[in-house]
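**Q** If you scroll down you'll find the structure; I have some questions about it.
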Amino acid sequence: MDVVNLVLQLFDATIRVSVPLLLAALAGLYSERSGVFDIGLEGKMLAGAFAGASTAAVTGSAWLGMLAAVAISVFFALVHGFASITHRGNQIVSGVAINFIAAGSTVILGQAWFSQGGRTPSLVADARFNAITLPFADTLREVPLVGPIYSELVSGHSLIAYVAFLMVPFTWWVLFRTRFGLRLRAVGENPAAVDTAGISVAWLRYRAVICTGVLTGLAGTYLAVSQNAGFVKDMTAGKGFIALAALIFAKWRPVPAMFACLLFGFLDAFAIRFQGIALPMIGKVPVQLMQALPYILTVILLAGFIGKAIPPKAGGVAYVKER
Amino acid sequence: MSAPYAKLPAWADFGLIPLINLIVAFLVAGLVVLLVGESPIEAAGLLLKGAFGSGSGIGYTLYYATSFIFTGLAVAVAFHCGLFNIGGEGQAYVGGLGVALVCLTFDGLLPWWLNFLLAIAGCAAIGAIWAMIPGWLQAKRGSHIVITTIMFNFIAASLMVYLLVGALKPPGSMAPQTRTFLPDAHLPKLNWLIEMFGFSVRSTPLNLSFILALVMAVVVWALIWRTKLGYEIRTMGFSPKAARYAGIKEARIIVITMAISGALAGMMALNPVMGDQHRLQLDFVTGAGFVGIAVALMGRSHPAGIVPAAILFGMLYQGGAEISFVMPHISRDMIVIIQGLVILFAGALEHMFRPAVQAAFASLSPRAVGIDAEAKGEGA
């Protein structure tokens, strides 16, 4: 029974750390599928986390926090769009810029407003998205096998976590079953064809980056208003880049992106849980190796040694109408 | 494409437009200072005073600038080949390993100048290898260099933590750092250089690697504009198709360019590790690799622009410390914002003000602008 509990705890932790990765990866999916590379996921998530935590702290409302987080993330997404769609600037450069602006301004404003060394005040329980106990979770606990899985693993996450996992089928549906999704994918592969059909490439790409902004805002909210009780300097700590890695690992598809995020989340949870413990057969795995594994796996995948990750064809290229 | 950007005189193209972009970046930064409730003009005054008001201030400014010259040159060399090396941070970090291995092995055995030469070779070699792998993967396996170099930054960070809490840490010590190098593995300070200009200097970390950085700037200039390899690199960056047609081996040039870029980034480690701290510590790069991106963009990838841009950022780093004494709300993170704004306006939005400038020029003297068909190839 002990082993079962251990495994359940491990999977539970996996889900928790995967949620922000998943939201950020899906965010990147919309943008990159439309042909706008976005390495500014990290920055948007950080800005969202800060806006969410400070608004929730001031107003005492988690929902207003979420609104502010989404608004500020969308704003940064639009800056990225303005630079890379309207002014045909380099999308990578723009993403790098947004990461820095977010990293610097969250600390400066946090210090100026709250004077706690870049932190925001600790949120009380009412100002956070708390764990939801699903119906029957307590009554079913005693049922063998299914009970603990339902009550420990499925139940007891915050609202945003459920939204994140529901976003996976929703994104799949939007991308592959709606007209908007078809056009979004087309504009990432062959914008000239979309233009010829009389559809505005720029407007379509702007809508895609807005979707990205909304989802990174949710990811930031989860970090600062649900998983933690407030914002801490640099709290995204590279999660935006792991999400990007997961997105590439999933070859820009929503359902595999979920599994990639769960895999990377599992590595993280595993590294924390078994830090410094010698495993049978393998011996003591250095925690740094576990932390680097998502990045190493992505490099290997990108190099085409396990399958081939082919990005959207028009990704990273600004569209020039008359050519 | 029908001339989206008509031709401007060279001084406007390489002087006026970058200057406008830079001014806008600083104006927006000033807005942030206002938002925090301080006076931007007062902050700018403090910044200048902190950076250039005293001999020590100048020493620190140039010390920071040294690191940024190396990383700026690294990014610029890759830019010339059309590659975006975002991994300067990681390459500099592992470069520190090269410096430390040389210093830990040979201090107490060799004179400082031999240690210096060996350390240059060590950090350049490790930095080059760390950049060559993404280069090779891009050239041979088609993986995107931006993504791979980002991943290599994280891998470098994990690797260095692993080494610094393990093999490199002296037994019995708790701090994640190597032992302090013996004095013959310290670089000579350059305080006399500042004293030459009539300032009194107590102690600054400015060291010999500043001279090396200036030498490397000249070397990079000569390499890019005066050698066959440089010509091939620029051809690749301008048009990979033309390069292929001309018989230039694409893969070879990419790998070599990345190796040079990584070597330059790796050399950055000399400045803090051998010049100032005299031991290898966690996170000694502190973002200098990323500042290199802003420096290269601001300096338009030319050494003559990179050196002043690096000094400007050195000034921001040193002056920023001064500001935070007087204005507690403005910490050094202000520089991260400025860095981001410079990258945004001088990089991603570099063409934003071009139409307006062109309109102004056209209304002044239509003929001088040559509005008709002189399309420059840089629009796309």
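The values are calculated or read from the model by the stated rules, or taken from the named source; none is laboratory data. Keep in mind it's a predicted model, so treat the numbers as computed, not measured. Here Cβ is always computed from backbone atoms with ideal geometry, including for glycine, and neighbour counts include all displayed protein chains.
**Q** Taking the range B:154-182, which residues are away from every other protein chain (no Cβ under 13 Å) and among the aromatic types (Phe, Trp, Tyr)?
**A** B:PHE181
**Q** State all residues of the range A:40-91 that are part of a helix (DSSP H, G or I), surrounded by fewer than 24 Cβ atoms within 10 Å (Cβ to Cβ) and either acidic (Asp, Glu) or within 11 Å of chain B (Cβ to nearest Cβ) (or both); if no residue qualifies, say none.
**A** Once the filter is applied, which keeps residues that are part of a helix (DSSP H, G or I), surrounded by fewer than 24 Cβ atoms within 10 Å (Cβ to Cβ) and either acidic (Asp, Glu) or within 11 Å of chain B (Cβ to nearest Cβ) (or both), the range A:40-91 yields A:VAL79, A:PHE82, A:THR86.
**Q** Hey, can you tell me all the residues within the range A:219-242 that are closer than 14 Å to A:ALA51 by Cβ and assigned to a loop (DSSP other than H, G, I, E, B)?
**A** Scanning the range A:219-242 gives A:GLY230, A:PHE231, A:MET235, A:THR236.
**Q** From the residues in the range B:120-153 that are buried (at least 22 other Cβ atoms within 10 Å of the Cβ) and among the aromatic types (Phe, Trp, Tyr), which one is nearest to the other protein chains (Cβ to nearest Cβ)?
**A** Taking the candidates together, the pick is B:PHE152.
**Q** Considering every residue within the range A:238-254, establish whether at least one is crowded, with 22+ Cβ neighbours inside 10 Å, more than 14 Å from every other protein chain (Cβ to nearest Cβ) and over 14 Å from the mean Cα position of the chain (by Cα).
**A** no
**Q** Does A:ALA103 satisfy being aliphatic (A, V, I, L, M), within 11 Å of chain B (Cβ to nearest Cβ), over 30 Å from B:PHE84 (Cβ atoms) and not in a loop (DSSP other than H, G, I, E, B)?
**A** no
**Q** Moving to a separate point now. Among the residues of the range B:36-75, write down those that are under 18 Å from B:PHE345 (Cβ atoms) and more than 19 Å from the chain's Cα centre (by Cα).
**A** Of everything in the range B:36-75, those that are under 18 Å from B:PHE345 (Cβ atoms) and more than 19 Å from the chain's Cα centre (by Cα) turn out to be B:PRO40, B:ALA44.
**Q** Considering B:ARG252, B:ARG279, which residue is touching a Lys or Arg at 6+ places or on another chain (Cβ under 8 Å) and away from chain A (no Cβ under 14 Å)?
**A** B:ARG279
**Q** What single numbered condition from (1) in contact (Cβ under 8 Å) with a residue 60 or more places away in the chain; (2) of a type in the set (A, V, I, L, M); (3) within 8 Å of chain B (Cβ to nearest Cβ) fails to hold for A:ALA127?
**A** It is condition (3) that A:ALA127 fails.
**Q** For the range B:195-294, which fully contained helices (runs of 4 or more DSSP H) count at least 3 residues that are closer than 29 Å to B:ALA348 by Cβ and among the aliphatic types (A, V, I, L, M)?
**A** B:209-226, B:250-267
**Q** Something else about it: Could you check the range A:153-218 for helices (runs of 4 or more DSSP H) lying wholly inside it with 3 or more residues that are in contact with a Pro (Cβ under 7 Å, 6 or more places away or on another chain) and either of a type in the set (Asp, Glu) or at pLDDT 90 or above (or both)?
**A** A:159-177
**Q** Name the pairs: first residue in the range B:264-287 and more than 16 Å from B:ALA74 (Cβ to Cβ), second residue hydroxyl-bearing (Ser, Thr, Tyr) and at pLDDT below 95, Cβ to Cβ under 6 Å, at least 6 apart or on different chains?
**A** B:GLY275/B:SER209; B:HIS278/B:THR180; B:ARG279/B:THR178; B:ARG279/B:THR180; B:LEU280/B:THR178
**Q** Could you tell me whether A:GLY276 is closer than 28 Å to B:MET132 by Cβ, at pLDDT below 80 and outside any helix (DSSP H, G or I)?
**A** no
**Q** Does B:HIS278 count as over 27 Å from A:TRP113 (Cα atoms), over 14 Å from the mean Cα position of the chain (by Cα) and not basic (Lys, Arg)?
**A** yes
**Q** Here's another thing I want to ask about it. Scan B:MET352, B:MET327, B:MET315 and give me the residue that is within 9 Å of chain A (Cβ to nearest Cβ) and more than 19 Å from B:LEU264 (Cβ to Cβ).
**A** Answer to the check: B:MET352.
**Q** Scan (1) in contact (Cβ under 8 Å) with a residue 24 or more places away in the chain; (2) at the interface with chain B (Cβ under 7 Å from one of its Cβ atoms) for the single condition A:ILE108 breaks and write down its number.
**A** (1)
**Q** Suppose we filter B:LEU137, B:LEU163 for residues that are assigned to a helix (DSSP H, G or I), in contact with a Ser or Thr (Cβ under 6 Å, 6 or more places away or on another chain) and not polar (S, T, N, Q); which single one remains?
**A** When all the criteria are applied, what remains is B:LEU137.
**Q** Right, another one. Would you confirm whether any residue within the range B:202-214 is surrounded by fewer than 17 Cβ atoms within 10 Å (Cβ to Cβ) and modelled with pLDDT of 90 or more?
**A** Scanning the range B:202-214, I find at least one residue that is surrounded by fewer than 17 Cβ atoms within 10 Å (Cβ to Cβ) and modelled with pLDDT of 90 or more, so the answer is yes.
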